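For reference, the structure is listed below as structure tokens.
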Amino acid sequence: MNKEHSPLALMVESPVHRPESSAWNSEAIAEPAFTTPILSVAIAGSDPVTGSTLRHMLLQTGLVNDIHQWASVKTLELHQSEDVPDVVFLDITGTEEPDFTFPQQLTRLRPSVHIVFCSAKKESNPDFLLQAMRGGVRDFLQKPFDRIELSSLIARAASEHSHDAPTRTVTGKLFAVLGTKGGVGSSTVAVNLAVQMAQIPGKSAVLLDFSRPMGDVAALLDLKASFQLRDAFENFKRLDSTLLSGLLTSHKSGLKVLSGATHLEDWQHASFSAIERLVEIAQQTFDFVVMDFGSFYSAEWQSVLRAAEVLLVSEADLPGLAKLHRHLDALANLQISSTQLRLIINRWHRHDEQALERVQSGMKIPVFARLPNNFKQVSEATVRGDSLKKNGDPLSAEFQRMAARLAGLALNKQTKKSRLGHLFSL
């Protein structure tokens, strides 16, 4: 099963747990050490051999204190959350079309339940995986069971259900990219900034596509996403680092992307509780979280924006600067501090400086970055479905500098001509 496209794949190495020995990884979480069994488990299925094997392997983990055998789920009477154990293994071997009614019932009664499908074959059909995830399934195990995979799954479930489980206390930096008007290039800025951040050695980055009415990021990076923003919204009550990692699509730069809305009605599934939960989990999982807002936001986004550095993308023409003034007033009304704001001038020309001097003087906001106009280079990248490629040209160099400043790093001038991975230093 492809781990990049399935939220149900066993995530032995999520971004939080990635084993790196560099100084960048000082916030890595140690493996949980539990002294007493803490999990209750149910094994549902009619195959006694599967049930016996699984029971024996679960007891050997030392983390399970109660195991139920459910020969038939049709006769079960589950009425409240206490009736549902911490982890439920459902054997779907031999069923052509698994019924998702029972997983959905378990999830309604207890949203935190960890449901695992067990099957003799690899489940790689994207439609089936998406349906399973929406039905509440968290993981797949293929028979015959692998002891290491099962132990990793149980350790992760124990960590989720333990009140003493270690947590990542340091959260990633949050950036909101806002365009002062449509067509100003905010998505292009968000994509290239996030790609640069993903290539900083020892760091991880995710790009969340919050553009309305529909997202642009997947198209700009030529990504074929199996899961979108809607899937995170619909499953926010059980969203954690592992589930989020499964919803993401990987770009070759190392950047992880949560694809935006693909239908107009996708935003109808969004609540601000879901949005806040998504952003919170993303910050706990990645060092850098970039949000592409397009040019839309409202008062409901206040809590998210107040936690972020807000990159206002504008052009130095009259309509763009007039809208900039209105956005500054709107953000001030949302209690966004001026110290959080970063003014990005896109498609910059030298002759724009006179107008920008008046802006900096009158609006009391300095220009944080000037992205030179290079229509040909940006158009070629859009056609390729990729980020900017050329190292050393003014536009790429400015994106590198901007990423370094926002990340709190310094560019190593002695390696200015080397590959991007070597451009950053403490």
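The values are calculated or read from the model by the stated rules, or taken from the named source; none is laboratory data. Keep in mind it's a predicted model, so treat the numbers as computed, not measured. Neighbour counts are summed over all protein chains in view; Cβ atoms, including those assigned to glycine, are modelled from backbone coordinates with ideal geometry. With ligands, DNA and RNA removed, areas are computed over all heavy atoms of the protein, side chains included. Shrake-Rupley method; radii C 1.70, N 1.55, O 1.52, S 1.80 Å.
Numerical summary
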quantity: Fraction of alpha-carbon pairs over 15 Å apart in segment 196-286 - percent; calculated: 56
quantity: Mean accessible surface per residue for segment 261-357, computed with a 1.4 Å probe while every protein chain stays in place, in Å²; calculated: 46
quantity: Cα point-scatterer Debye curve for segment 130-264, base-10 log of I(q)/I(0) at q = 0.14 Å⁻¹; calculated: -0.79
quantity: Vicinal HN-Hα couplings computed from phi for segment 42-51 (Karplus, 6.51 cos²θ - 1.76 cosθ + 1.60; Hz; Gly/Pro x); calculated: 10, 10, 10, x, 8, 8, x, 5, 4, x
quantity: Long-range amide H partners of V64 with built H, under 5 Å; calculated: I38, L39
quantity: Tail beyond 22 Å, pair distance distribution of segment 80-202 (Cα, percent); calculated: 57
quantity: Long-range amide H partners of S204 with built H, under 5 Å; calculated: D287, F288
quantity: Segments 399-408, 240-249 sorted - mean Cβ within 10 Å per residue, highest first; calculated: 240-249, 399-408
quantity: Burial ranking of peptide ranges 69-82, 42-55 (average Cβ count within 10 Å, highest at the top); calculated: 42-55, 69-82
quantity: Chain lengthening between S81 and K252 when straightened (0.36 nm per residue, less Cα-Cα); calculated: 57.3 nm
quantity: Rounded percent of accessible protein surface that carbon and sulfur make up, segment 71-147, 1.4 Å probe; calculated: 46
quantity: Cut-off under 5 Å, modelled amide H: who pairs with V88 long-range; calculated: A42, H114, I115, V116
quantity: Cα gyration tensor of segment 210-341 - equivalent ellipsoid semi-axes, whole Å, descending; calculated: 26, 17, 15
